[in-house]
1. Using each residue's phi in the stretch 196-209, evaluate 6.51 cos²θ - 1.76 cosθ + 1.60 at θ = phi - 60° and report the 3J(HN,Hα) Karplus result to the nearest Hz, with x for Gly and Pro.
2. With springs only between Cα atoms under 10 Å apart, run a GNM on the chain and tell me which of Pro140, Pro117, Pro45 wobbles the most.
3. On the accessible surface of the chain, probed at 1.4 Å, how many percent belong to carbon and sulfur atoms?
4. What number in nm² do you get for the stretch 14-165 if you take the convex hull of its Cα atoms and divide its surface by four?
5. Find out how many positive minus negative residues lie around Arg67, taking Lys and Arg as positive, Asp and Glu as negative, among other residues whose Cβ is under 13 Å from that of Arg67.
6. I want to verify a result. In a Gaussian network model of the chain, Cα cutoff 10 Å, which of these has the top mean-square fluctuation: Gly34, Gly110, Gly242?
7. Output the Kirkwood hydrodynamic radius of the stretch 93-186, Cα pairs only, in Å rounded to one decimal.
8. Classify the stretch 170-229 as rounded, prolate or oblate, taking a ≥ b ≥ c as the square roots of the eigenvalues of its Cα gyration tensor: rounded when a/c is under 1.5, otherwise prolate if a/b is larger than b/c and oblate if not.
Amino acid sequence: MTSSEPTPIGTDAAPRRPVLLVIGDSLSYYGPKGGLPADHPRIWPNLVAAELGWDVELVARIGWTTRDAWWAMTQDPRVWAAIPHAGAVVLAVGGMDTLPSPLPTALREGLRYIRPPALRRAARNAYGWLQPRLSPLGRPVALPPRVSVEYLETIRDALAYMRPDLPVIGTLPSVHRSEQYRSVHAGRLPAARAITRWAAEKSVPLVDLAEAVRENVFSDDANPDGIHWGWEGHRRVAAAVGDAVRIVHRDAEVPVEGLR
């Protein structure tokens with residue numbers, strides 16, 4: 001019998017563990033030295049799942065905004081498969097929305113499609129040269145707060161339609177010290193305020209990523225790129241997310257000794 005075949009009636013099968021569905025950006029799977037596999041035991045989604053005794057489905061990609069999270073909801077079959085079994089959904093996006101984007105986002109995302117390769121490399125080099133020099137302008141950001149909140153609410157509303165009982169947890173943007181953006185982050189505070197208002201109106205619990213990782217981001221233990229966290233940052237985010245899940249999901253287990 002293959003795993004895709006149904007379990008025969010009368011067969012005792014262990015109950016399926018809840019799934020922690022995380023829709024995120026690269027902060028969900030980058031460590032102090034770069035990107036990591038989705039099953040790496042030290043990234044925060046897996047720390048949370050291990051603490052709760054749950055499984056995890058991580059759907060994430062570098063550079064994802066709240067708009068990309070919505071596209072994942074509508075286009076990624078992994079999300080569709082996880083929703084029926086989810087114990088909670090964490091919307092770990094929104095940070096990229098707040099970063100200075102003086103050049104159109106569509107231009108950055110379209111660089112990969114330029115042909116021939118020599119022209120693509122030249123365009124990437126030009127973009128890489130311009131981005132940090134224009135970032136001190138602080139605006140526009142990748143997505144305005146109003147648009148970010150619209151996408152978050154569209155996701156929440158869609159999940160509520162499919163699973164009215166499914167808890168959704170939001171996040172407030174992290175902080176950064178990236179030279180790629182000249183350490184400019186003027187878009188964070190307006191976005192955090194808008195997300196906080198939305199969360200209060202819709203009764204969505206929030207995890208403040210900045211509060212959890214600020215010390216780590218500005219330490220030597222973080223990723224040298226100034227955006228991604230070190231292991232202590234992942235541990236603190238896992239602790240905060242775990243607390244939020246236990247608040248909204250009464251069946252979540254208490255912390256396992258040694259994980260926090």
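1. Listing the rounded values in order: 5, 4, 4, 5, 5, 5, 9, 6, 9, x, 10, 10, 8, 4 Hz.
2. In this elastic network of the chain, the residue with the biggest mean-square fluctuation among Pro140, Pro117, Pro45 is Pro117.
3. Working: 7430 of 13450 Å².
That share works out to 55 percent.
4. Numbers: hull surface 44.1 nm².
For the stretch 14-165, averaging the hull's shadow over all directions gives 11.0 nm².
5. Numbers: positive: Arg61, Arg146; negative: Asp25, Asp68, Asp97, Glu109, Glu150, Glu153.
Local net charge: -4.
6. Comparing Gly34, Gly110, Gly242 in a Gaussian network model of the chain, the most mobile one is Gly110.
7. Details: mean 1/r = 0.0653 Å⁻¹.
One over the average 1/r among Cα pairs gives 15.3 Å for the stretch 93-186.
8. Working: a/c = 3.79, a/b = 1.89, b/c = 2.01.
Verdict is oblate for the stretch 170-229.
The values are calculated or read from the model by the stated rules, or taken from the named source; none is laboratory data. Keep in mind that what you see is a predicted model, and the values were worked out from it rather than measured. Glycine gets a Cβ as well: all are built from the backbone with ideal geometry, and neighbour counts include every protein chain shown. Just the protein is used for accessible areas: all its heavy atoms, side chains included, with ligands, DNA and RNA removed. Shrake-Rupley method; radii C 1.70, N 1.55, O 1.52, S 1.80 Å.
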